[in-house]
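First up is the structure itself, then whatever we jot down about it.
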């Protein structure tokens, strides 16, 4: 597979992380809802964007353009956190309440009425809160309009995505507070220094020969790894099915009998990455609290 990619990576760690997003972008993941201006949805746009950005990071890395590389790492972080924010909001935007759904039966006419009622409520927006309306303005490419400046100010920033997710999901709050905040804080400080040029060195790192090249190389890789650690951990809690391997679908498309429980298999590159990078306590917590029975522990795949 990788032999067919024109770009040849200079750093194997960056290539490994690129493979994760290449695999995620190759899925059929799609989340849809509807609002005042029609249907909208999110698929794997962010995964493809990050995949390409990591390629550019490797290009900068190979040329010692560290200021550019770190700035692009921040783009990766912001794009990934925004994806988690949008995904969570869409999945928790509903029309009819559970009580109202109980008034419908499973016959065809009743189901059609239920869908019409649900869509009518979603289109009207009368039950949507501000964060849901803010998400829709992004979906309709209207976030940049001056009338939506409040949405931009209140919700669209990496720290605000993190704050929202922690407030909306107790499991996310737990793993951030107990495992991931140190990774977030250390990478956030480094990325802000480069993006805002908080010191002369953050400009000269782009062209001055590095006497401590090994150190800054290691810092760059570690910073991106911290972001990938955070993203995969939160995605596993929000919707672990986004990481599903293609085995089950592949077998079905070939009219073959899928291996037992293979619908719960996670992409191999993600299983390997998580088991090599996350603390065992964190990985165990994720395995016990993800909602779909997906198998993240490498021991689940032992013969």
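Data overview
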item	result
The chain: most fluctuating residue of 162, 242, 147 per GNM, C-alpha cutoff 10 Å	147
Per-residue [θ]222 nm for the chain (sum of -39500 (n - 2.57) over DSSP H runs n ≥ 4, rounded to 500)	-19000 deg cm²/dmol
Packing-based exposure ordering (other Cβ within 10 Å, fewest first) of 264, 161	264, 161
Modelled FRET efficiency - R0 41 Å, residue 215 with residue 48, Cβ distances, 0.05 increments	0.80
Anisotropy class of the range 146-222 from Cα gyration tensor, a/c 1.5 cut	oblate
Ranking of 299, 97 by count of other Cβ atoms within 10 Å, fewest first	299, 97
The chain shape via C-alpha gyration tensor axes, a/c threshold 1.5	oblate
Cβ-based exposure ranking for 34, 172, 123, 112, in which fewest neighbours within 10 Å come first	112, 123, 34, 172
Packing-based order for 194-200, 16-22, using average beta carbon neighbours within 10 Å, highest first	16-22, 194-200
Two-site FRET efficiency, residue 129 against residue 189, from Cβ-Cβ distance with R₀ of 30 Å, rounded to 0.05	0.40
Helix axis angle, 130-139 relative to the chain longest principal axis, alpha carbon, degrees	70 degrees
Length-normalised contact order of the range 80-132 in % [C-alpha pairs under 8 Å, at least 6 apart]	44 percent
Crossing angle, helix 268-277 versus the chain [Cα axis fit, 0-90 degrees, rounded to tens]	60 degrees
Inter-site label distance for residue 62 and residue 284 at 7 Å from Cα along Cβ, in nm	4.3 nm
Highest-fluctuation residue, 193, 98, 148 considered, GNM on the chain with Cα pairs under 10 Å	98
Virtual spin-label span in nm between residue 261 and residue 110, 7 Å along Cα→Cβ	3.6 nm
Centroid-to-centroid separation of the range 58-86 and the range 105-156 [C-alpha atoms, Å]	31 Å
Most mobile listed residue (204, 56, 241) in the chain, GNM with C-alpha springs under 10 Å	204
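All of the numbers you see were taken from the coordinates with simple rules; none came from a lab. Being a predicted model, the structure only gives us computed values, none of them experimental. Because the Cβ atoms are built from the backbone with ideal geometry, glycine has one as well, and the counts that use them run over all protein chains shown.
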